[in-house]
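Below: the structure, in structure tokens.
The values are calculated or read from the model by the stated rules, or taken from the named source; none is laboratory data. Please read all numbers here as calculations on a predicted model, not as lab measurements. Cβ placement follows ideal geometry from the backbone for every residue including glycine, while neighbour counts extend to all protein chains displayed.
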Amino acid sequence: MNEIVQKVRAQEPLIHNLTNAVVMNFSANGLLAFGASPIMANAKEDAADVAKLSNGVLINIGTLTEAQLEAMIEAGKAANEAGIPVVIDPVGVAATNFRTEAFQRIVEQVHPDVIKGNAGELAHLVGIELETKGVDAVGEGNSQEIAGKVAVHFQTIAVLTGKVDTVSDGKQTLTNETGHALLSKVTGAGCLLGSIITACLSVEGENLEKAYAAVKYYGMAAAYAASQSGVNGPGTFLPQFLDALTMEPDTLEKGLM
Ligand SMILES: Nc1ncnc2c1ncn2[C@@H]1O[C@H](COP(=O)(O)OP(=O)(O)O)[C@@H](O)[C@H]1O
Ligand SMILES: Cc1ncsc1CCOP(=O)(O)O
């Protein structure tokens, strides 16, 4: 994990985020703190051009419109052609037919290197119905089975988040227990993780290892932030979390001992 985080910080990859309106500012700040460089570009007129300039493309359907969907497909296709990693976060996909069909349209034309979501979102992609509430998971299900099925079906790495995160390539499945419950009390915690996974994918290495490193580091930063004095809830947690995202993995680890 250390090496992957160091590489991101040395290379400061440009991450193209086609993301939702709720989290744009948080995702940009979080990427900057982590050591990457964010760009948000949602228009179909320049999405492919921005994707080609970038080192990684994040597609997040959280507040999707038809126009943005076209931009996502254009950006994803351009990234695939150029060998630039693509991460898809199917936010709220189980909530509506529009989102379900939009996701299908994207994956028919764009190959994702990672699909990242909570249990309800990923379960829906492989026909397992779990209880969801808008953009949030309610049921947990069998995370290893769900992540494995998503990985095999979409020929990708599946990252299933929750109290325990599960990362699978369909053959090997890893679990991560770093994290903090306060992450689920701030909007955009899952979305920013998608951007940080994209940043980690942009450096050299195996995709499974890079996705796992991102998830582990992110959880460590959250736990470290939550342990700081003066953190009483989501409001005081957020600035500490941004600061923690700038830190070395060793510093976070020592702070948690
Ligand atoms: N109860 C929890 N304890 C520790 N970490 C959590 C908990 N719930 C979520 N997380 C972490 O919060 C981040 C976002 O996950 P999640 O809440 O599942 O995403 P989303 O916001 O997309 O639903 C992940 O890093 C995950 O590990
Ligand atoms: C609240 C909300 N509504 C549409 S997108 C969004 C943000 C969801 O972010 P996250 O799932 O990362 O908390």
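Quick grid of which residues meet (1) of a type in the set (Gly, Ala, Ser); (2) within 16 Å of ligand 2 (Cβ to nearest atom); (3) closer than 24 Å to Glu253 by Cβ; (4) under 14 Å from the mean Cα position of the chain (by Cα):
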site	(1), (2), (3), (4)
Thr161	no, yes, yes, yes
Asp169	no, no, no, no
Val215	no, yes, yes, yes
Gly230	yes, no, yes, no
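If the condition is being more than 9 Å from ligand 1 (Cβ to nearest atom) and aliphatic (A, V, I, L, M), then the stretch 167-185 contributes Val167, Leu174. When residues in the stretch 1-53 are screened for being more than 20 Å from Lys116 (Cα to Cα) and of a type in the set (Gly, Ala, Ser), 8 of them pass. Where helices (runs of 4 or more DSSP H) fall entirely within the stretch 181-257, those with at least 3 residues that are over 17 Å from Asn60 (Cβ atoms) and modelled with pLDDT under 95 are at 249-256. Number of residues in the stretch 8-60 that are touching an Asp or Glu at 6+ places or on another chain (Cβ under 7 Å) and closer than 22 Å to Glu248 by Cβ equals 3.
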